[in-house]
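J.: Mind looking over this structure? Questions follow.
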Amino acid sequence: MYTNLAYNAYTQNNIGVESPEKLIQMMYEGILRFNMQAKRSIGDNDIERRTYWINRSNAVLTELINILDYNQGEISHYLAGLYSYQLRLLSEANLYNNSTKLDEVTQVFKGLLEAWKESTNVANQA
């Protein structure tokens, strides 16, 4: 259903993406933006917009799961579980109009984004 949706959206809008590492960073940033909009929609009690933004985050998360390379070891399996749990939290946030669940997902992706930037900068400098 969501297969390649996030990837296609980013590549169409950002033809000059220089690397897969940058694409992952953009996907993490997208989830953070979409969650911010969803939280605003929860505050406004706008069910339609809340659902729209949470679905956008779901699409990116699904794409992140689909592009995991399980040949890279245990980290891929860990991320698959983490991403799946975040999908569950987003579903609960949407179902119960719960900004706390949304905040939890946002905190996880802030941490992932920071770690990703740090690890890709180190890799690019080496």
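Since every read-out is calculated from the coordinates, none of them should be taken as a lab result. Treat the numbers as computed from the prediction; the structure is a model and nothing was measured. Cβ: placed from backbone, ideal geometry, glycine included. Neighbour counts: every protein chain shown.
J.: Take peptides 52-63, 30-41, 93-104, 73-84 and line them up by average Cβ neighbours within 10 Å, highest first, as a rough protection proxy.
T.: Details: 52-63: 21.7, 30-41: 19.7, 93-104: 16.8, 73-84: 12.8.
So the order, starting with the most tightly packed, is 52-63, 30-41, 93-104, 73-84.
J.: Neighbour counts of other C-beta atoms within 10 Å: give me L90, L23 arranged from fewest to most.
T.: L23, L90
J.: Something else about it: Just the ratio, please: alpha-carbon radius of gyration of the range 5-125 over 2.2 N^0.38 Å, N its number of residues.
T.: Rg over 2.2 N^0.38 Å, computed on Cα atoms: 1.07.
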